[in-house]
Amino acid sequence: MTKIVFLDRDTIGPGVRIVRPGFDHEWIEYGKTAPEQVAERIAEADIVITNKAPIRTDQLVAAPNLKMISVAATGYDVIDVAACTGRGVTVSNVRGYAINTVPEHAFALILALRRSIPGYRQDVINGEWQKSGQFCFFNHPVKDLAGSRLGIIGEGVIGAAVARIGAAFGMEPVFAAHKGVSGLGPLYTPWDEVIETSDVISLHAPLMPATKHMISTPEFEAMKKKPVLVNTSRGGLVDEAALVDALDRGLIAGAGFDVLTQEPPAPDNPLLTVLERPNVIVTPHTAWASDEAMKEVWRQVIVHIEDFVSGSPSNTLG
């Protein structure tokens, strides 16, 4: 009988019903799995489901029966895909599930920061409205989205959805050319121009060696419009120490981040020192996690397993 091991159930919200494959199988499920626990837990597995629990060469060697890994995410950097391919292990990921949830979260951050909602909310809690002596007060800047330039870094389905929402608000969406690359065609606006002229910059790029710290001190110092910077894509695209320095120096108007380089953040993450500022919002990697999106993630996970068992693997990597 096919043995299926799910390594990190707790990464899927409790409101999602964990439907299982329709064929006969043995199901073993763990809430969380630390890296040092992976090898033991998958040792006899035929199929493994993982979101963030890593599976690399050492774990693969310990799992001689392993035939398939179904990744409950689009990002698959936790999997050594090359090693899997070399051992004949099929790897599938989920795709397209976040086309609504991530862009909506990005715009929640953009709207909150452009209109200074966190600052004004805290002011009301602190009694500043009562102290003002009039119907409103002006402790923080408020800016419309209409007429502003939206710089989008990453031109995939998420970036395209962000562009559509921005256009509906009356913004001018532009897609940044890849950093250091020219001649990409009319879809793209030169990288330097996007950095220099955008009122809002939203990141939707994958994390890879070429994109690590793509936004750092030189970029912040080139941001003539002092934009709001939003990252709902991958931690590591932005140099976090440089980001805090940019906030301190007033080089940007605000930062809305749903992803950090290390998650959960290390105690020395510089962003933890500025969380109470009215122009900073950090959310715990929940942009992807609408109920609708998580249900779609799980639907695809099971479809890929059933497709593999039926002899027609889908969404394969490598």
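Gyration tensor analysis over the Cα atoms of region 1-133 returns equivalent ellipsoid semi-axes of 43, 16, 15 Å (largest first, whole Å). Summarising the amide proton neighbourhood of T261: residues at separation of 5 or more, or on other chains, whose placed amide H is nearer than 5 Å comprise G236. Taken about its Cα centre, region 200-318 carries a charge dipole of about 380 debye when Lys and Arg each add +1 at the Cβ and Asp and Glu each add -1 at the Cβ. Measure up K52/K143; K52/K226; K32/K67; K224/K295 against 30 Å on the Cα-Cα distance and list the ones that go over. From K52/K143; K52/K226; K32/K67; K224/K295, over 30 Å: K52/K143; K52/K226; K224/K295. Across the chain, the mean sequence separation of Cα contacts (distance under 8 Å, 6 or more residues apart), normalised by length, yields a relative contact order of 18 percent. Whole-percent P(r), region 101-282, all Cα pairs, 5 Å bins from 0: 1, 8, 17, 21, 21, 15, 9, 5, 2, 1, 0, 0.
In a reduced charge model with +1 at each Lys and Arg Cβ and -1 at each Asp and Glu Cβ, region 101-282 shows a dipole moment near 380 debye about its Cα centre. Most simply put, the chain has about 5% antiparallel DSSP beta bridges, counting only bridges with both residues inside it.
The mean sequence separation of alpha-carbon pairs under 8 Å and at least six residues apart, normalised by the residue count of region 33-134, gives a relative contact order of 20 percent. For the chain, the mean residue ellipticity at 222 nm estimated from helices alone is -8500 deg cm²/dmol, where every DSSP H run of n ≥ 4 contributes -39500 (n - 2.57) and the total is divided by all residues, rounded to the nearest 500. Note on the chain: Cα-Cα pairs beyond 37 Å make up 26% of the total pair count. Amide H to amide H distances under 5 Å link K3 with E26, D46, I47, where only residues 5 or more positions off or on other chains count and H is placed in the peptide plane. Taking the fewest neighbouring Cβ atoms within 10 Å as the starting point, the ordered list for I125, I28, I152 is I125, I28, I152. Bridge orientation summary for region 101-282: considering DSSP beta bridges with both residues in this region, about 0 percent are antiparallel.
Net charge dipole, the chain: roughly 500 debye, given to the nearest 20, about the Cα centre with Cβ charges of +1 for Lys and Arg and -1 for Asp and Glu.
Looking at A108, A241, P218, which one has the Cα that reaches farthest to the positive end of the dipole of region 101-282 (charges on Cβ: Lys, Arg +1; Asp, Glu -1)? Among A108, A241, P218, the one farthest towards the positive end of the dipole of region 101-282 is A108. Across region 113-159, the relative contact order, built from alpha-carbon pairs under 8 Å that are at least six residues apart, equals 44 percent. Mean-square fluctuations from a GNM of the chain, with a 10 angstrom spring cutoff on Cα atoms, peak among L150, L187, L111 at L187. Restricting region 180-283 to trypsin sites (Lys or Arg not before Pro) that sit in a DSSP loop and have at most 15 other Cβ atoms within 10 Å of their own Cβ leaves K212, K224. Computed over the Cα atoms of region 226-318, pair by distinct pair, the Kirkwood hydrodynamic radius stands at 15.6 angstrom.
Read-outs throughout are calculated quantities, based only on the coordinates presented, and are distinct from any laboratory measurement. Here the structure is a predicted model, which means the values were calculated and not measured. Positions of Cβ are generated from backbone atoms using ideal geometry, with glycine treated the same way; all protein chains shown enter the neighbour counts.
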